[in-house]
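The structure appears below as structure tokens.
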Amino acid sequence: MSYFMTDLSGTSVEEPDEAMMRTILDGLADADDEHPDVSLTHENGWSLSAFPSGELLWLLWENLDDPDAPPRQVSGVSKDEVLRLFGLLATGDTAEIERLASS
């Protein structure tokens, strides 16, 4: 397994395709204080979590395997852009996400 997604209830889905990623992301409509986010995690340790924030989403970008890598937040991201970023992370392409999170 090179990547997996965690849905709103905490269930992991191994290597979801884009349609399943969209379904999991759509689940944010039912987010609450106990279940606030969905995420995609790559085997390289990088994780991108999405949280609802009105019409747009905010993201948490972090490396779960590297405690020295500070987590970063990105706000005001559209659902389509999040899906694109999830697709990049699924392939291990972190450079563009890193640029976005650093700006």
| query | Residues in the range 1-15 that are in a loop (DSSP other than H, G, I, E, B), closer than 19 Å to Phe51 by Cα and not hydrophobic (A, V, I, L, M, F, W, C): how many? | reply | 4
| Is there any pair with a first residue in the range 29-43 that is over 15 Å from Leu56 (Cβ atoms) and of a type in the set (Val, Ile, Thr) and a second that is open to solvent by 80 Å² or more (accessible area, probe 1.4 Å) and assigned to a helix (DSSP H, G or I) whose Cβ atoms are under 7 Å apart and which are 6 or more apart or on different chains, and what are they? | none
| remark: Out of (1) part of a helix (DSSP H, G or I); (2) touching a residue at least 40 places away in the same chain (Cβ under 8 Å); (3) of a type outside the set (Val, Ile, Thr); (4) open to solvent by 40 Å² or more (accessible area, probe 1.4 Å), the one Ala19 does not meet is (2)
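The values are calculated or read from the model by the stated rules, or taken from the named source; none is laboratory data. Because the structure is predicted, anything quoted here is derived from the model rather than measured. Using ideal geometry, Cβ is built from the backbone for each residue, glycine included, and neighbour counts are taken over all protein chains shown. The area values use the complete protein model at the heavy-atom level, side chains included, leaving out ligands, DNA and RNA. Shrake-Rupley method; radii C 1.70, N 1.55, O 1.52, S 1.80 Å.
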